Every structure is written in structure tokens, then in C-alpha cells.
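Asker: Okay, here's the structure, questions in a sec.
The values are calculated or read from the model by the stated rules, or taken from the named source; none is laboratory data. These numbers come from a predicted model, not from an experiment. Ideal geometry is used to build each Cβ from the backbone, glycine not excepted, and the neighbour counts take in all protein chains shown. Note: accessible area is taken over every heavy atom of the protein model, side chains too, but ligands, DNA and RNA are not part of it. Shrake-Rupley method; radii C 1.70, N 1.55, O 1.52, S 1.80 Å.
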Amino acid sequence: MNLSQKLYNSAGLVFPAIGIIAVLVFSETLDPYLAYVATSWVIFGLLGLSLDIVWGRGGLLSLGQTAFYGLGGYFGSVVAINMAPLTGNTLVWSLPAGAAFGALAAAALGYIIFYARMGGLQSTILTYTLTLLLLVLTQTFNLEIGDALIGGDNGMSNIPGFVLGFGPDAEEMTPNGAFALVVIISAILFFLTRWLMRSKFGQIVNCVRIDPQKTELLGYDIRKFQLANFAYAGAIAGCAGTLFGAWSNYLNPSIFSVSEAISIPIFVLVGGLGTLAGPFLGALIIGGLSFWLGGGAVGGQTTLILGIILVLLVMFLQNGVLGALDLLWKKYLPDPNEAARDTGAVQVKTNVLEGILNAAARHVGPAKELISTDLFKRFGGVIPVNKVSRKFDSGKPFSLIGPNGAGKSSYLKTCVGLYMPESGRVMLGGEDISQAPVFERVRKGLAVKNQKPQVFGELTVMDNLLLAAFSSTGDDKEAWTLSKEIIQMLGLERQSGVEASALSHGQQQWLDIGMVLCLSPRVLFLDEPAAGMTKEETRELSQLVRTMARFITVVVVEHDMEFVRTLEGYVTVLHQGQVFADGDIQTVRADERVLDIYLGRGKHV
């Protein structure tokens, strides 16, 4: 980690800590009424944190966080009413109960969203629909649970406040004390969330947001990570709902209202999407402005002025207040991407590559053969893969060539699992993987580098490689060792701390190839890997492919016939989704039928 990254990460920890300490120091000096009102702002900030987890980090705009907030609040309050006489400390029972119920509700909805592979818009609509459904249901829902009474429109009253003590005689905390307690609880959950989002779990969740397909091609079951992240956010929302019930001593169906559901994304946007601390700042800004303007400072035009201020904040601050401060802070830090501007062409160190491939063979076994039998895939009236039978093994590279629309990439994607075949089989090392999901095929040794470089632009070169290496090794130390070897093999040591988005197109291609090598694949598909590379880089790539083919099975999909010639391997020509010709490159280039389909002449077009 370079100096710039260390300073940036330190700021993300130090500044929130200073702010929390300052609030706690001055909490006793606040006017009791202001402390009471400010407590609700902190609770709304905690609810905003739950949205930032699934939206800012997970990439899903959920309008259902108030649903989990309300459900957690109701359930936690029921527990508080029934259990408070035993201990007096309502939060001992209600806070975990509200968190658990919010997590369960989120997990149930998340399972539907992620395992049905819904799109972003459909998912947002479904979460909003749940909130509206709960609004309608709770208006007519009457239930008595022990001493707790849920009375439909009348809501639930007599919810115990913040009590720290034991026994029925324990006194409720003052508004200032309750404010400090909520700040402490929210701070604990904030730092816990920050740690989680910086852990390997959080990095993978972030990568799912950036490029879900690439994350799955690295061998991660992205649905499990999405579901776990959504459930955790539901637990945070449930905690916020429980705190709100203790703060207000009353809950009613308005907690599921449209205004509540829409206000939370506004808090997040104003404070800074993806910053985690932003929702608290957004809730403070909006709550503070509402409190001040509502005091008669502007003659009754509170809503109008507040709306104008919010519009201006969203329009002119690209990522909220913290996002603007973040950009300002980075201007005074050393540029971590400077190294990307001062680099030559990549030169593959063959001896290092051979060492990496030998080590992989010892750890995960020898190369595997891949066999497709009558593989068939249809898209409406188009058949890009028409009963293709091929066998690939190690020794020499295999090349798939053919004109545009021949079915090369479709065949590759069907083998890898990005497209599910309608008939036929794909065998990997003697095991049928025809219906296996992508991540399972990767774990079994099948990997692919797609035509367009797929790297996580927000991550550094080293972090990209570490994420891929961790998928194959499952160990941080081994992943670090392997990533260092890959960087050394590619000669990218000076660029290890550079963000991937700052690399040139050719360098991103090499980084993508390095990430695939981190998976220790036994069968590797390369889809037009030479695209965008210079002649020098293409020569290095040819050497890399030929070296890899001695250790693992390598299949290259390519248009560049000269590049294919340098591979000195087997060539298969596809045309209209079928095998058209095969042999070595000299035989194929001498075939008049192949020239016909490439040049658009004769009866074979």
C-alpha cells in the first residue's frame, strides 16, 4: 500500500472518530429538546447507513429499507414491552430482536431478488412494493402479543424508552443521555460496517457492484454475497427501527409511508453515496435545516427553501458533501496513478511464468481436457452454436477462427456457462459440467478471459490480482505470494499501487490475463486477447500462450491470422455455428473454402 492510500484510509477512520468524540463531549451541554430531536437524526442516519450498504456498496437501490426498519421496530418493541419488567434494560432484548427480525425479512426478500436474478429496476420496484404492502397491512392489523398491543391505525403505544439499569424501578434516561447512547450504538455499528466493507467480504461485494459477471468468472458465487450483504443491511435497519420505537415510545403504520421510504435515499445522496458516514451527515444536514427553518426563521417557507437547498446539493456536489470533501482531500495527496504514465511495453518473464505454472500443477493437479459433444445453443431463429463437437487438451494451443458471426464467442460462452446449452454436453476432465453455474466451472478449473478487458477500475493492480488469487487459494498469505509472482512475471511492479482504470487498454488486457492466471486454471479460454495490443505486446502474448499450453489446455478465439500463425498450434474454423475445417494454420490458409468465407466469395459464404 502506497503513502497516498495509507493517508486516505487513515482519514476515513480518524475524521469520523473525531466527530463522534466531539458529539459525545458536547452531548450534555445540549438543550434537552434539541438533544431529543437530534436523537432522531442519528437514528435516520443509521437507517441511511443500511441503504448505503446495499446501494452505495452493493449497487442496488432498495426502497424497502423502511420496511425492515418498521418490522424491526415493531418486533423489537413487542419484545421490549414484554421483557422490560424482567431486566429494566430494554435494549438488552429489543435491539438484538429487532436486528434479527430485520435481517430475516431482508434475507427472505433478497433470496427472491438475487436467486431469480432480477434486474436493478425490477428489484427496486419489488422493494418499494413490499413497503407499500406493509403500509396497507399494518393499517388493519390488530394483534395482542403478551402485554403488547398492535392496534392497526392506532399503532403501538407504551413502548419503553431508553433504560440502563435492572429491575422495574430502573429510571428512563434523560434526553441528553439517550442521545449519547444512540450515538454510541450507531458509532459501534458504523465502525463494524466499515471494517466489514474493508474485509474480503466487502471487497467482493464492491466488485459485484462494479462488474458482477467478472466477479463470478473469478469463481465467486455472487448471489450468496449479495444475499448476505442485503441481510446485514436489514439487520442495521432493524436496529434503527428498534431505537426509533424506544425514542418515540410509539409506532404506527406511517413508519412504512412513501415519504419515509423516499427520504432515506435523499439522506444518502446529500451526505455521499458509498461513503458510509455520508448518511449520518445527510440526516444531520436535512434534520438541522428542517429544525432551524421550522422555528420560524424564514416565515413559513420551510418546505420550499429546504427543497431548493437539497436540489442544489445534489446537482452541484457529484457525490454529496463527503464526496466533494473526498475530491478536495485527494488533491493534496500524492497521485497514486502517476506510475501508470511512465511505463514501457510489458515483457513476459518466461522463467517466472513456468515457475507459476509448475507450482499450480503441484497444488491443483495437471491440465484437464475439455470435450464438447453436439453442443447446441439457439437464440430465437439464430443458431450460433450448431451441434459443435470438439476436444481440447494440453501440449499446443488451440485456435478458433472464423468470420464475424461464425459463432466463436457464443461457443466459448456456452462452454464456460455464460450461455446454458439447450442440448449437448460439456465435459471437463471427465466430469459433466453442462448445467453447472459459471462459478462452479471456474472452481473446477475452467477459466476465461473475455475480449474486452474486465478489470475492477476502482481497485489497484495488486488488489485486482489479490481478489482473483484469493478465490483459488482461499488464503491471504498464499494469495499475496501468487499475486506478487504474477506482477513480477508481467513486469508491473511499479504499477502495483495504480488504479486499474488508469492503465492503458493494452495494460488492462495484461492485467486481465494476470487475474485469470491467478485462478490456476486447468483449461483456459482466451477471447481475442491480442485486441488493442501493439506488435511488441502481441509477440509477448504469443510467447505467453505457447508457454501456458505446455502446462494447461489453452483455447484462443482470434481474428488475427498472423497471431494465430505464431501460436504454432491446432486451428478450427467455425462457420454459421458449425465446424467448417480444421488442421494446422498452413493447411487452413491453403483451403479455398476458408478463403471463400473470409473474403465473401463463392458458394461457401
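Asker: When residues of the stretch 414-432 are filtered for being buried (at least 21 other Cβ atoms within 10 Å of the Cβ) and either among the hydroxyl-bearing types (S, T, Y) or more than 30 Å from the chain's Cα centre (by Cα) (or both), how many remain?
Answerer: Number of matching residues: 1.
Asker: Do any residues in the stretch 111-134 that are closer than 14 Å to E260 by Cα and at pLDDT 90 or above have Cβ atoms under 9 Å from those of residues that are surrounded by fewer than 19 Cβ atoms within 10 Å (Cβ to Cβ) and of a type in the set (G, A, S), where the two are at least six apart or on different chains, and which pairs are they?
Answerer: T131/S257
Asker: Across the stretch 362-412, which residue is surrounded by the most Cβ atoms within 10 Å (Cβ to Cβ) among those that are at positive phi and not small (G, A, S)? Give the derivation first.
Answerer: Narrowing the stretch 362-412 to residues at positive phi: 365, 374, 380, 387, 395, 402, 405, 407.
In the following step, the residues that additionally are not small (G, A, S) were identified as 374, 387.
Working: D374: 12, K387: 16.
The extreme case among them is K387.
Asker: Separate question: Let me confirm something: among S496, S542, S520, S483, which residue is on the phi < 0 side of the Ramachandran plot and open to solvent by 10 Å² or more (accessible area, probe 1.4 Å)? Break it down into steps so the answer makes sense when it comes.
Answerer: On the way: S542 fails: open to solvent by 10 Å² or more (accessible area, probe 1.4 Å); S520 fails: on the phi < 0 side of the Ramachandran plot; S483 fails: open to solvent by 10 Å² or more (accessible area, probe 1.4 Å).
Checking each option against the conditions leaves just S496.
Asker: Can you tell me which residues in the stretch 26-50 are modelled with pLDDT under 85 and open to solvent by 10 Å² or more (accessible area, probe 1.4 Å)?
Answerer: If we filter the stretch 26-50 for residues that are modelled with pLDDT under 85, which is where we start, we get 27-28.
The answer is E28, and nothing else.
Asker: I've got another one for you. For T138, all conditions in the list (1) touching a Ser or Thr at 6+ places or on another chain (Cβ under 9 Å); (2) part of a helix (DSSP H, G or I); (3) open to solvent by less than 30 Å² (accessible area, probe 1.4 Å); (4) more than 20 Å from I222 (Cβ to Cβ) hold save one; what is the number of the exception?
Answerer: Just one mismatch for T138, condition (1).
Asker: Determine whether Q203 is touching a helix residue (DSSP H, G or I) at 6+ places or on another chain (Cβ under 8 Å), open to solvent by 30 Å² or more (accessible area, probe 1.4 Å) and either of a type in the set (S, T, Y) or closer than 24 Å to A231 by Cβ (or both).
Answerer: Numbers: touching a helix residue (DSSP H, G or I) at 6+ places or on another chain (Cβ under 8 Å): yes; open to solvent by 30 Å² or more (accessible area, probe 1.4 Å): yes; either of a type in the set (S, T, Y) or closer than 24 Å to A231 by Cβ (or both): yes.
In short, yes.
Asker: Go through the stretch 258-273 and count every residue that is outside any helix (DSSP H, G or I) and open to solvent by 20 Å² or more (accessible area, probe 1.4 Å).
Answerer: Keep residues of the stretch 258-273 that are outside any helix (DSSP H, G or I), which gives 272-273.
Keeping just the survivors that are open to solvent by 20 Å² or more (accessible area, probe 1.4 Å) gives 273.
Qualifying residue count, the stretch 258-273: 1.
Asker: Of these, G119, G110, G73, which one is small (G, A, S) and in contact with a Ser or Thr (Cβ under 7 Å, 6 or more places away or on another chain)?
Answerer: On the way: G119 fails: in contact with a Ser or Thr (Cβ under 7 Å, 6 or more places away or on another chain); G110 fails: in contact with a Ser or Thr (Cβ under 7 Å, 6 or more places away or on another chain).
On inspection, the qualifying residue turns out to be G73.
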